[in-house]
Amino acid sequence: MLKTMDSLVLIIDIQEKLMGALNHGIKEQLLNRAPKLARAAKILGVNTLVTEQYPKGLGTTISEIKTELANYHPVEKTDFCALMEPGFSETIKSLGKKQIILCGIEAHICVYQTAVKLLEEGYEVFILKDLCASRNKVEFECAMDLLGTLGAKITCLEIVLFEWLKTAKNPHFKEIQEMIK
């Protein structure tokens, strides 16, 4: 069961040019849901880290996410696995969280490789299937299947939000509920 005090959100490469390569339906889904994740994490006090794969070429994180973050300090990377960037693994460890909620683009490359490394390092990894994308549906489904067999928990935004809330008596329940209507 997810707990806000044990959770860390990791948003992988939801960048301008990568979004442009997605089909319209998937792009709209990410534009709608990713800011909600960032906003809910901020409301509930869950740390959020953001990566950007070669932003000079692929652009920065989409503005819809940036505006919802308490602090926008992306980790620039060229490695497909975010944990291979110097100091990033240590940053995650320093936060003392055991549960990593992971989403981003491309599911079969950067999300997949980062998730595998997190699992190897003993983290409990939750993949937000509705907040991950690949240019190709087959590659996306393959990544989700593989990650599930490797021990990642394949989930979605509303499951995570309501696990964090635990009860309708949570003081933030109405605020979170309004976001997802």
Handout entry: Top positive-direction residue, dipole computed over the chain with Cβ charges, set S134, L161, I109
Key = L161
Handout entry: the stretch 81-181, relative contact order in percent, only Cα pairs under 8 angstrom and at least six apart counted
Key = 24
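Below 10 angstrom from the Cβ of P74, what's the summed charge of the other residues (Lys, Arg +1; Asp, Glu -1)? Show your work: numbers first, answer last.
Numbers: positive: K66, K77; negative: D13, E52, E76.
Local charge sum for P74: -1.
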Practice task
Please compute the net charge surrounding A41, taking Lys and Arg as +1 and Asp and Glu as -1 over other residues with Cβ under 15 Å from its Cβ.
Solution key: +1
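Normalised radius of gyration for the stretch 1-126, please: alpha carbon Rg relative to 2.2 N^0.38 Å, two decimal places. Present the calculation step by step, with values, prior to reporting the outcome.
Working: Rg = 13.6 Å, N = 126, 2.2 N^0.38 = 13.8 Å.
Compared with the compact-globule rule of thumb, the stretch 1-126 sits at 0.98.
Place a +1 charge on the Cβ of each Lys and Arg in the chain and a -1 charge on the Cβ of each Asp and Glu, then give the dipole magnitude about the Cα centre in debye, rounded to the nearest 20.
On the way: 22 positive and 23 negative charges, 108 e Å.
Charge dipole of the chain: 520 debye, to the nearest 20.
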Exercise for the section: Using the Cα centre as the reference, give the magnitude of the dipole from point charges on the C-beta atoms of the stretch 17-115 (Lys, Arg: +1; Asp, Glu: -1; all else neutral), rounded to the nearest 20 debye. Expected result: 300
Handout entry: For H172, distant residues with modelled amide H under 5 Å away
Key = none
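Calculate, for the stretch 24-181, the solvent-accessible area per residue in square angstrom, rolling a 1.4 angstrom probe over the heavy atoms of the protein chains. The partial results should precede the final answer.
Numbers: 7690 Å² over 158 residues.
Per residue, the stretch 24-181 has 49 Å² of solvent-accessible surface.
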Exercise for the section: Sort out for me the Cα centre separation of the stretch 1-19 from the stretch 112-181, rounded to whole Å. Expected result: 8
Handout entry: Summed residue charge, Cβ within 10 Å of S134's Cβ, Lys/Arg positive, Asp/Glu negative
Key = -1
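The values are calculated or read from the model by the stated rules, or taken from the named source; none is laboratory data. Note that this is a predicted model, so its numbers are computed, not measured. Positions of Cβ are generated from backbone atoms using ideal geometry, with glycine treated the same way; all protein chains shown enter the neighbour counts. Protein only, heavy atoms only, side chains kept; ligands, DNA and RNA dropped before computing areas. Shrake-Rupley method; radii C 1.70, N 1.55, O 1.52, S 1.80 Å.
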